[in-house]
Structure formats: structure tokens, C-alpha cells
Amino acid sequence: MFRWRFSVLILVAFFSCTKKGSSNESIQKFESYFGLTPGRFIVYDVREIIHDETADIKHDTLNYELKTVVGDTLIDNAGRVAREFLRYKRQNSNENWMVSDVWTMVIDGNYAELTEENQRIIKMLFPVSSKTNWNANVFNVDPSLDCFYDRIHQSLTLNGISFDSSVTVEQDNTRNLIEFKRKYEIYGYHIGLIKKYYKDLKISNFDTLNIKSGREYFFTCKDFGIQ
């Protein structure tokens with residue numbers, strides 16, 4: 001009798017643990033890193049550098065402010081219910097915002113997509129995990145861009161703003177005889193993109209300071225909220 005009761009207790013404990021473990025396996029996707037909340041705006045300080053050794057200005061630097069806003073719903077080119085992604089620019093805070101682009105953004109299944117100039121780009125793949133990786137350009141004609149997550153759910157301070165939880169999307173880190181590419185984006189939870197680092201350069205003889213052509217973009221969040 002004692003052995004029978006003991007066996008029952010073991011079985012109960014086993015199934016209890018199994019049930020609890022199954023619940024824990026329902027992994028959160030953390031979709032709120034993509035920032036699809038209607039009216040969500042983010043303001044960035046932007047530095048853009050255009051390199052062209054054949055131009056009159058070989059290394060032209062532009063500094064401006066960029067504001068993005070999650071807009072109304074619409075039907076995108078793929079026939080899905082998506083949201084407008086509005087982009088505004090101005091030179092400084094003394095000027096009025098001017099509409100620059102109207103793109104679209106959507107979460108479709110596990111894909112978080114941004115359509116830029118009719119180019120569908122997978123910005124994030126869910127769940128946010130160290131095991132998740134994807135080709136950002138699988139739905140467009142650009143070369144493959146293999147992405148993965150790093151520094152997951154880490155606190156971060158930018159421009160004096162503290163973010164409780166952020167994740168980095170690593171996109172490219174290439175350096176060879178004639179190319180230097182370094183690209184990553186950082187997303188804040190319940191906010192969206194808070195930092196963008198983009199370098200795509202043609203160089204000479206491994207020298208990253210001997211730039212022949214290419215572009216650099218640096219976005220840093222300076223304000224965000226709901227409008």
C-alpha cells in the first residue's frame with residue numbers, strides 16, 4: 001500500500017511539473033518592440049554622410065531631425081491591413097515639420113515588416129530570442145541581409161533618455177579589401193526603433209578611412225510619445 005501511494009505521489013508530481021513546464025514554453029513574442037501603437041511618434045537626431053570621391057564635395061555631411069509617426073490603417077500592396085508609417089523632416093527645431101515619405105508597417109504572423117519605396121523589409125522576426133535569425137530582404141530583390149538579435153532586453157540610455165528594455169538587431173558586419181559594412185538597429189520595448197547605425201562603404205586596401213564611395217546614417221532617439 002505504501003509503495004502504491006508513493007508511486008501515485010511521484011506521478012502527480014511529474015504531471016504537475018510537466019504542466020508547469022508546458023506553460024513556460026508559451027514563449028512571449030515581444031512584438032511591442034516593433035512599436036505599432038497608433039499615434040506613436042519618435043523624433044531622431046540624424047547625421048547622414050554621402051561619400052563620392054568623384055564629386056565636388058567628396059564627403060558631404062547632413063544633419064537634420066526626423067520624426068516618424070504610426071498612422072491610420074490601410075490596405076498595403078500585398079492586400080493586408082497595415083498601418084501608415086509617416087516620416088517628417090526638418091533642419092532644426094525652429095522649422096516646421098515637412099512630410100518626407102509615407103511608408104507602411106505591419107506585423108504579419110511572425111514577421112514585422114516595413115515597406116520602404118515598395119521594398120518589403122523584414123525588420124524583426126518573432127519571438128525575440130537569441131535563437132531567432134532571418135533574411136531581411138527575402139521579399140525584395142536586394143542581396144540577402146542575415147539578421148539576428150543581440151543584447152536582448154537590456155536597459156539603455158540615449159540622449160539622456162533611459163529605456164528600461166531594448167534589443168539590438170544585428171544586420172551586417174563586413175570588412176574586406178574593398179568593403180566596409182556595419183549595420184545594426186536598436187529597438188525599445190513599447191516604443192520602436194530608437195537607434196540606427198548604418199555604414200555601407202567602398203574602401204581601399206582594408207583602410208576604413210580611405211573611403212571611395214558610400215553612405216552613412218546615424219539615427220538617435222531624442223523624444224517619443226503618443227500624439
task = Identify all residues within the range 167-182 that are under 26 Å from Y33 (Cα atoms) and of a type in the set (A, V, I, L, M, F, W, C); write none if there are none.
result = V167, V169
key: Residue among S129, S144, S93 that is surrounded by 15 or more Cβ atoms within 10 Å (Cβ to Cβ), among the small types (G, A, S) and not in a strand (DSSP E or B)   = S129
query = Limited to the range 97-126, what total is found for residues that are among the polar types (S, T, N, Q) and either within 21 Å of R47 (Cβ to Cβ) or assigned to a strand (DSSP E or B) (or both)?
reply = 4
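Every residue, every condition in (1) small (G, A, S); (2) in contact with a Lys or Arg (Cβ under 7 Å, 6 or more places away or on another chain); (3) in a strand (DSSP E or B), yes or no:
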{"residue": "T174", "(1), (2), (3)": "no, yes, yes"}
{"residue": "L177", "(1), (2), (3)": "no, no, no"}
{"residue": "K181", "(1), (2), (3)": "no, yes, yes"}
{"residue": "Y184", "(1), (2), (3)": "no, no, yes"}
{"residue": "K196", "(1), (2), (3)": "no, no, yes"}
{"residue": "K202", "(1), (2), (3)": "no, yes, yes"}
{"residue": "E216", "(1), (2), (3)": "no, yes, yes"}
{"residue": "T220", "(1), (2), (3)": "no, yes, yes"}
remark   = Inside the range 176-188, the number of residues satisfying the requirement of being of a type outside the set (V, I, T) and crowded, with 19+ Cβ neighbours inside 10 Å is 5
message = Just to verify a result, which residue in the range 191-227, among those that are among the aromatic types (F, W, Y), closer than 24 Å to H51 by Cβ and touching a residue at least 24 places away in the same chain (Cβ under 8 Å), is surrounded by the most Cβ atoms within 10 Å (Cβ to Cβ)?
response = F219
message = Looking at the structure I just gave you, is H153 in a strand (DSSP E or B) and over 20 Å from I49 (Cα atoms)?
response = yes
task = Within the range 147-163, track down each residue that is over 14 Å from the mean Cα position of the chain (by Cα) and either surrounded by 12 or more Cβ atoms within 10 Å (Cβ to Cβ) or over 23 Å from Y44 (Cβ atoms) (or both).
result = Q154, L156, L158, N159, I161, F163
Which numbered condition T73 misses (of (1) closer than 22 Å to C221 by Cβ; (2) of a type in the set (S, T, Y); (3) more than 14 Å from the chain's Cα centre (by Cα); (4) modelled with pLDDT of 95 or more) = (1)
remark   = When the range 50-104 is checked residue by residue, the ones that are more than 22 Å from G192 (Cβ to Cβ) and among the charged types (D, E, K, R) are D52, E53, D56, K58, D60, E95
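The values are calculated or read from the model by the stated rules, or taken from the named source; none is laboratory data. Just so it is clear, the structure is predicted and the values come from calculations on it, not from any experiment. Positions of Cβ are generated from backbone atoms using ideal geometry, with glycine treated the same way; all protein chains shown enter the neighbour counts.
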